[in-house]
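Undergrad: Structure incoming, see below.
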Amino acid sequence: MMEFPDIRTNLGSYVNDLVDFLDRTLEGFFDFIFLITSQAINGIQDFLLLMPWWFFIIVIFLLGWYFRTVFSGVLYAGFIFLIGTFGLWEDMMTTIAIILTAVLICLMIGIPLGIWMSYSNGFSTVMRPILDAMQTMPSFVYLIPAIFFFGLGNVSAIFATLIYALPPVIRLTELAIRGVDKEVIESAQSFGSSRWQMLRKVQLPQALPTIMAGVNQTTMMALAMVVIASMVGASGLGEQVLVAINRIDIALGFEAGISIVFLAVIIDRITNGVADKFQKHRRVGQ
């Protein structure tokens, strides 16, 4: 049998040297990111935990009712109540805080990048293979630089989640802006609209339903990282799943796992409901 020649490339060591260089050179920047992110997570978590349990359940019911149906509101409220009866209320709030922080950062980065890609073919050409790599790289790999830069904890989870969940909102924002009807754009240009006015008053409103689909996908991918992120010290429901695996605790594993499923259903349906509302309002406006 033919053997592969004894040739060894050191690409991995070059990447290691680059990460080490970034860690030494940008130590202050990473410390600042750690401080801001940890404060954001703790602030959201503290705010959620300050709410009485019944008030939070009412909020979920109202969101389900407004964006879906009355039955959906009752069902989602029942899911949240059931998670509380599992004794996982605080873990659920931590998970929601991590997801909200990750999604907000993804939107602050992803939507502007998507808009930039829609205006620049060159930038879009450069970004597409990077986004492909971000989406296809095994998610466990993201945990290594996360630990290196930020240590164990929720901030590392945010960093890993950010890389994994960012591409959908960037891609769908670009697609949405590029997909705006050319006649609408030409009409706005004929009235002397500047590029900023056209983006703010024409393109973004027209593209909003598709952008909201990107927000939905990013949120669901952030939720999918909950269990994986627990391996770098992230607390919440994912941590309980990891504990259940280590203890071979079927009861805890089922309760924590089904709680994540409940959250996924609620988040998916509500964000889809938001996109549907925007779509209906746009049709009415037309």
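Undergrad: Compare the Cα positions of Leu199, Ala213, Gly257 along the charge dipole of the chain (+1 at Cβ of Lys, Arg; -1 at Cβ of Asp, Glu; about the Cα centre) and return the one farthest towards the positive end.
TA: Of the candidates, Leu199 comes out farthest on the positive side.
Undergrad: Which residue, Phe47, Val180, Leu166, has the largest displacement toward the positive end of the dipole of the chain when charges sit on each Cβ (Lys, Arg +1; Asp, Glu -1)?
TA: Result: Val180.
Undergrad: Here is a follow-up. If you scale each eigenvalue of the Cα gyration tensor by 5 and take the root, what three semi-axes come out for segment 127-182, rounded to whole angstrom and sorted largest first?
TA: 29, 11, 7
Undergrad: Shape call for segment 4-80 from the C-alpha gyration tensor, a ≥ b ≥ c root eigenvalues: rounded (a/c under 1.5), prolate (a/b greater than b/c) or oblate?
TA: Taking the square roots of the gyration eigenvalues as a ≥ b ≥ c, segment 4-80 is oblate.
Undergrad: Order these peptides, 195-202, 251-258, by their mean beta-carbon neighbour count within 10 angstrom, highest first.
TA: Output ranking for 195-202, 251-258: 251-258, 195-202.
Undergrad: With a point put 7 Å past each Cα toward its Cβ, work out how far Tyr14 is from Lys277 in nm, to one decimal.
TA: The two pseudo-label positions are separated by 5.0 nm.
Undergrad: Rank by packing, highest mean first: peptides 165-174, 82-91, 266-275, with packing defined as the count of other Cβ atoms within 10 Å averaged across residues.
TA: 165-174, 266-275, 82-91
Undergrad: Cα convex hull of segment 105-248: how many Å³ per residue?
TA: Value for segment 105-248: 113 Å³ per residue.
Undergrad: I would also like to ask the following. Place the peptides 224-230, 37-43 in order of packing, highest mean first, counting for every residue the other Cβ atoms within 10 Å and averaging per peptide.
TA: Highest-to-lowest ranking by the protection proxy: 224-230, 37-43.
Undergrad: Can you pull the one-decimal nm distance between simple spin-label points at Ile250 and Asp181, each 7 Å off the Cα toward Cβ?
TA: So the label points at Ile250 and Asp181 sit 5.8 nm apart.
Undergrad: Taking the Cα centre as origin and putting +1 on Lys and Arg beta-carbons and -1 on Asp and Glu beta-carbons, what dipole magnitude results for the chain, to the nearest 20 debye?
TA: The calculated dipole for the chain is roughly 1280 debye.
Undergrad: Continuing with this model, one more query. Across all directions of projection, what mean area in square nanometres is found for the Cα convex hull of the chain?
TA: Average of the hull's projected areas for the chain equals 21.3 nm².
Undergrad: Across the Cα atoms of segment 175-281, what radius of gyration and what greatest pairwise Cα-Cα distance (Dmax) are found, in Å?
TA: For segment 175-281, the Cα radius of gyration and maximum Cα-Cα distance read 20.8, 68 Å.
Undergrad: Moving on. Check every DSSP H run in the chain and write down those whose alpha carbon atoms cover 20 angstrom or more along the long axis and whose mean Kyte-Doolittle hydropathy is -0.5 or greater.
TA: Those that clear 20 Å and a mean of -0.5 are 11-25, 27-50, 53-67, 70-85, 89-119, 121-136, 154-178, 204-224, 250-285.
Undergrad: Given the C-alpha atoms of segment 18-146, compute the convex hull and give its volume per residue in Å³.
TA: Measuring per residue, one finds 171 Å³ for the Cα hull of segment 18-146.
Undergrad: If you place +1 on the Cβ of every Lys and Arg and -1 on the Cβ of every Asp and Glu, how big does the dipole about the Cα centre of segment 23-100 come out, in debye to the nearest 20?
TA: For this selection, approximately 380 debye.
Undergrad: Calculate, for Lys201 and Leu62, the FRET efficiency according to 1/(1 + (r/R0)^6) with r their C-beta to C-beta distance and R0 25 Å; round to the nearest 0.05.
TA: 0.25
Undergrad: Could you list Phe29, Phe159, Phe81 in order of exposure, starting from the residue whose Cβ has the fewest other Cβ atoms within 10 Å?
TA: Exposure proxy ranking, most exposed first: Phe29, Phe81, Phe159.
The numbers here are math on the coordinates, done by the rules we state, and not lab data. The shown structure was predicted, so the numbers you read here are calculated from the model rather than taken from an experiment. Neighbour counts run over all protein chains shown; Cβ positions are idealised from the backbone, glycine included.
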